[in-house]
Amino acid sequence: MKWYLRRFKIALIFVLIIVLGGCKSVSVPAFSSQQHPVVPNYENVSNWAILPDSYPEDLKHWQTTTTSLEADIFYIYPTLNIEKKDLRWNVPVTDSIQNIKVIDKAVYFQASAFLNAGKLYVPYYRQAHLRSYSRLENGGKEALNLAYSDVKEAFKTYLEKYNNGRPIIIAAHSQGTTHAIQLLKEFFDGKALQNKLVAAYLPGIAIKKNTFKTIQIMTNPMENGGFVSWNTFKRNYYPKSYNEWFKGAEVSNPVDWDNSNESERSDHKGFLFTNDKIYTQALEVYVKDGVLWVSVPHFPYRLLVLAKKGYHAGDINLFWEDIRENAVLRVESYLKKQMISENKQ
């Protein structure tokens, strides 16, 4: 079976898992009663899903630039363990099923957007189960903290072993963004390393104003040193958790990047669908208080998503081409500013 058919089949399986997945109530063991998965050592390349010299062949076909990649991308993948019947709070980095999801779903449809902007680094981490967010006070917080401890150690290893002073893009989604926020606070916010931050792409988790001390939301497509963030829903829809999670959150427009109230369909550069095709001029975008509204995607399979109200899973690949072009533009802008600064000294 050709690789793109295999990916399409895997994507359909994930959809079926979400739709048909366990309806029976299960008793989840207490976090403290479970044995934690083995702590990964990021000196070992086997604990990295992606390193710059080990891209899977099918990922390479999205990479049109292989030279002059002067920045690095540190990508943290979203929640992939969503099955109710899985009672684990955290997934071992040696879990082969989880790791296939990381490569074939998260990296392929999300991290791929950054391949032309820099060298890609993706650590496996002991990811927390989806239930962690709904049970924060009953094990969820501990599970998320354990997951973050891996991300932090992986980033420390990355800085010590791979970075060599290069500019950095932090890219993440969903649970990955939860960890990226903490990572930015610890390593970048008001610290020397912020000077190396090209941009942080942080969709999938609501980021309230003043989350950071010195890292601000960016309001133009060439800005550096800040972050962009959005949570995508169907136009005119507010989720039930709107007041608790989203109202008042920062919202970027991932089409024009100036956070204007709306973008026309003609402005949309393209989204990557599970059939490996990019559909251009497919979305109208509306920036609201704390959420991003989009029109029903204008593409041949729109009936598949006609009834959807939340587009969380598509926060990145709905704007895949827009992100790809913007990431390259921000790196170019960063390097130009650095050159000007050096010439003045």
Quick one: Cα centre-to-centre distance for the range 133-185 and the range 220-267, in angstrom? 23
Take each uninterrupted DSSP H stretch in the chain, measure its Cα extent along the helix axis, and return the ones at 20 Å or beyond whose mean Kyte-Doolittle hydropathy is at least -0.5. 3-20
In nm, what is the difference between 0.36 nm times the number of residues separating Q34 and S46 and their Cα-Cα distance? 1.9 nm
Ignoring the sites themselves, what is the longest stretch of the chain with no chymotrypsin sites (Phe, Trp or Tyr not before Pro) in a DSSP loop and at most 16 other beta-carbon atoms within 10 Å? 1-236
Which of the GluC sites (Glu not before Pro) across the range 254-345 are loop residues per DSSP, with 16 or fewer other Cβ within 10 Å? E264
Report, in whole Å, the centroid distance computed from the Cα atoms of the range 61-90 and the range 313-339. 16
Charge dipole (debye, nearest 20) of the range 41-344; +1 at Cβ of Lys and Arg, -1 at Cβ of Asp and Glu: 700
Can you compute the modelled spin-label distance between S341 and K141, with each label point 7 Å from Cα toward Cβ, in nm? 3.7
On a full-extension model of 0.36 nm per residue, what is the gain between Y301 and T280, subtracting their alpha-carbon distance, rounded to one decimal in nm? 6.2 nm
Counting only helical runs of four or more DSSP H residues, what would the 222 nm mean residue ellipticity of the chain come to if each run contributes -39,500 (n - 2.57) and the total is spread over all its residues? -8000 deg cm²/dmol
Which one of L59, Y334, P92 has its Cα pushed farthest toward the positive end of the charge dipole of the range 41-344, where Lys and Arg give +1 and Asp and Glu give -1 at the Cβ? P92
What label, among (1) 56, 54, 37; (2) 65, 46, 46; (3) 61, 43, 38, belongs to Cα extents along the principal axes in Å computed from the structure on display? (2)
How big is the dipole moment of the range 175-263 about its Cα centre under a simple scheme where the beta carbon of each Lys and Arg is +1, that of each Asp and Glu is -1, and everything else is neutral? Debye, nearest 20, please. 280
Along the charge dipole of the range 124-272, which of Y201, A171, Y133 sits closest to the positive end, that is, farthest toward it, with unit charges on the beta carbon of Lys, Arg, Asp and Glu (+1, +1, -1, -1)? Y133
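Readers should treat all values here as calculations from the given coordinates under stated rules, not as data from a laboratory. All of these numbers come straight from a predicted model, not from anything done at the bench. Virtual Cβ from ideal backbone geometry, glycine too; neighbours counted across all protein chains shown.
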